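The values are calculated or read from the model by the stated rules, or taken from the named source; none is laboratory data. Quantities reported herein were computed from a predicted structural model and do not represent experimental measurements. For neighbour counting, all protein chains shown are included, and Cβ atoms are generated from backbone atoms with ideal geometry for every residue, glycine included.
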Amino acid sequence: MSALPVLGFPLEWAALALLLCGCIYWERAGFTGLAVEGCFLSAMAGLILGYEWSGSYPAAFGLAAAAALVFAGVTAGLLLVLRTDPAVGGFMLSLVPAAAITLITRTGPYRLLNEVPAPGLVQGTALDASPARDLLLSPAFWAAPFLVALAALLLLRTPFGLRLRAYGETPALSVQGRSRPAVHRLLGAGVGALFAVPAAALEMRAHSDSAPLGLGLVALACAVAGRWAFLPGLLLVAGPALLRAARPYAAGITAAEVALDAAPFLLGLLYLLLLSRRSLRLATRRDSRLDPDVL
């Protein structure tokens with residue numbers, strides 16, 4: 001983390017915004033945003049092991065993307081073939097990379113987590129000794145706004161996004177024995193998984209001492225509370241991001257550390273209680289044409 005913890009707020013916001021995009025894509029593909037947590041953790045495992053084996057950060061980033069895509073393909077494929085409940089299936093499958101990343105971080109040390117200067121930042125500039133180096137010298141951070149804009153443009157303004165939303169929001173179109181809906185939904189899950197990769201890169205740099213767990217769930221809560229719209233969701237993720245950035249200020253105070261660790265999840269729960277009630281009521285009405293799995 002940066003020498004000035006408040007500078008971690010933009011990094012946390014950018015990471016959660018990217019995970020929010022992944023959740024929206026997964027839900028619009030007719031799966032579940034819960035699986036984005038698995039994509040995120042798979043990408044983190046790919047980064048750590050890829051850098052350990054290759055010593056090259058670009059190669060590690062590529063392996064992280066491959067790991068996220070593999071998880072997305074396996075999860076979405078199993079959900080399609082087995083026709084299981086997507087929320088239960090996505091959550092249970094996400095426990096596999098969660099267990100893997102826990103084991104990896106306990107069996108270190110790994111170079112990505114301990115190397116100084118940290119890989120993944122632009123080196124050799126006048127800002128190398130700046131307290132804001134994690135922010136100003138991070139390609140993943142500067143790419144995040146463009147990636148979020150690309151996510152919204154692709155989903156809302158392209159034929160691919162229109163078909164993806166149609167197949168995901170109208171389950172009847174996905175069970176007609178044709179391969180085209182399934183292919184579009186799998187591609188949507190893959191695109192959503194890719195947004196988790198730069199998010200993992202940002203979080204690994206900001207929290208190299210311990211891999212964060214549950215950020216995909218926080219992003220999903222913001223997506224639900226924001227009614228699956230990009231702009232409201234982006235505004236909502238600022239709250240958990242601010243709480244996560246404040247964690248270093250509680251260092252050495254056990255009760256405060258525990259409270260700040262739990263605060264982003266409690267805020268996500270508060271979002272759901274206050275902002276998603278109307279959506280949940282609509283989903284239970286008989287005359288509603290909305291699918292509660294993709295609200």
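Quick grid of which residues meet (1) in contact with a Ser or Thr (Cβ under 6 Å, 6 or more places away or on another chain); (2) of a type outside the set (Ser, Thr, Tyr); (3) within 20 Å of Ala99 (Cβ to Cβ):
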position	(1), (2), (3)
Ala14	no, yes, no
Gly50	no, yes, yes
Tyr57	no, no, no
Phe61	no, yes, no
Ala65	no, yes, no
Ala72	no, yes, yes
> Scanning for something outside any loop (DSSP other than H, G, I, E, B) and surrounded by 20 or more Cβ atoms within 10 Å (Cβ to Cβ), does segment 248-255 turn up at least one residue?
Replying inline: no
> Would a scan of segment 122-129 turn up a residue that is in contact with a Leu (Cβ under 8 Å, 6 or more places away or on another chain) and closer than 23 Å to Ala189 by Cα?
Replying inline: no
> In segment 72-93, what residues are closer than 20 Å to Leu187 by Cβ and of a type in the set (Gly, Ala, Ser)?
Replying inline: Ala72, Gly73, Ala76, Gly77, Gly89, Gly90
>> If I filter segment 103-112 for residues that are over 18 Å from Leu11 (Cβ atoms), among the hydrophobic types (A, V, I, L, M, F, W, C), modelled with pLDDT under 90 and assigned to a loop (DSSP other than H, G, I, E, B), do I get at least one hit?
In response: no
> For segment 168-222, what are the residues that are modelled with pLDDT of 85 or more, part of a helix (DSSP H, G or I) and touching a Pro at 6+ places or on another chain (Cβ under 9 Å)?
Replying inline: Pro198, Ala201, Glu203, Leu215, Val218, Ala219, Ala221, Cys222
>> If I ask for residues that are under 23 Å from Val122 (Cα atoms) and hydroxyl-bearing (Ser, Thr, Tyr), which ones from segment 135-170 would you list?
In response: Ser138
>> Being among the polar types (S, T, N, Q) and either within 30 Å of Val122 (Cα to Cα) or surrounded by fewer than 20 Cβ atoms within 10 Å (Cβ to Cβ) (or both) is the filter here; which residues of segment 57-85 pass it?
In response: Thr84
> Name the residues in segment 53-71 that are farther than 18 Å from Leu187 by Cα, free of Cβ contacts under 8 Å to residues at least 40 places away in the same chain and among the aliphatic types (A, V, I, L, M), would you?
Replying inline: Ala59, Leu63
> Does segment 86-103 hold any residues that are under 17 Å from Trp53 (Cβ atoms) and either aromatic (Phe, Trp, Tyr) or surrounded by 19 or more Cβ atoms within 10 Å (Cβ to Cβ) (or both), and which are they?
Replying inline: Ile101
> When Leu231 is evaluated against the numbered criteria (1) modelled with pLDDT of 90 or more; (2) crowded, with 17+ Cβ neighbours inside 10 Å, which criterion, by number, is the only one it fails?
Replying inline: (2)
> Somewhere in segment 120-134, is a residue assigned to a helix (DSSP H, G or I), touching a residue at least 24 places away in the same chain (Cβ under 8 Å), of a type outside the set (Gly, Ala, Ser) and surrounded by 12 or more Cβ atoms within 10 Å (Cβ to Cβ)?
Replying inline: yes
> Can you name the residue in segment 85-102 that is of a type outside the set (A, V, I, L, M, F, W, C) and assigned to a helix (DSSP H, G or I) and is also nearest to Leu41 (Cα to Cα) among such residues?
Replying inline: Pro97
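Please verify whether segment 100-110 includes one or more residues that are within 26 Å of Gly192 (Cβ to Cβ), in contact (Cβ under 8 Å) with a residue 24 or more places away in the chain and not aliphatic (A, V, I, L, M).
Within segment 100-110, one or more residues are within 26 Å of Gly192 (Cβ to Cβ), in contact (Cβ under 8 Å) with a residue 24 or more places away in the chain and not aliphatic (A, V, I, L, M).
Matching residues to (1) aliphatic (A, V, I, L, M); (2) at pLDDT 90 or above:
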residue: Ala241; (1), (2): yes, yes
residue: Ala245; (1), (2): yes, no
residue: Ala251; (1), (2): yes, no
residue: Pro264; (1), (2): no, yes
residue: Leu270; (1), (2): yes, yes
residue: Leu290; (1), (2): yes, no
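Against the definition (in contact with an Asp or Glu (Cβ under 6 Å, 6 or more places away or on another chain) and more than 27 Å from Ala166 (Cα to Cα)), how does Ala15 come out, yes or no?
Working: in contact with an Asp or Glu (Cβ under 6 Å, 6 or more places away or on another chain): yes; more than 27 Å from Ala166 (Cα to Cα): yes.
Against the criterion (in contact with an Asp or Glu (Cβ under 6 Å, 6 or more places away or on another chain) and more than 27 Å from Ala166 (Cα to Cα)), Ala15 qualifies.
Could you check segment 261-278 and list, in sequence order, the residues that are assigned to a helix (DSSP H, G or I) and either of a type in the set (Ser, Thr, Tyr) or closer than 14 Å to Gly214 by Cα (or both)? If you could, list the steps in order and put the result at the bottom.
Step one: of segment 261-278, the residues assigned to a helix (DSSP H, G or I) are 261-275, 277-278.
The answer is Asp261, Ala262, Ala263, Pro264, Phe265, Leu266, Leu267, Gly268, Leu269, Tyr271.
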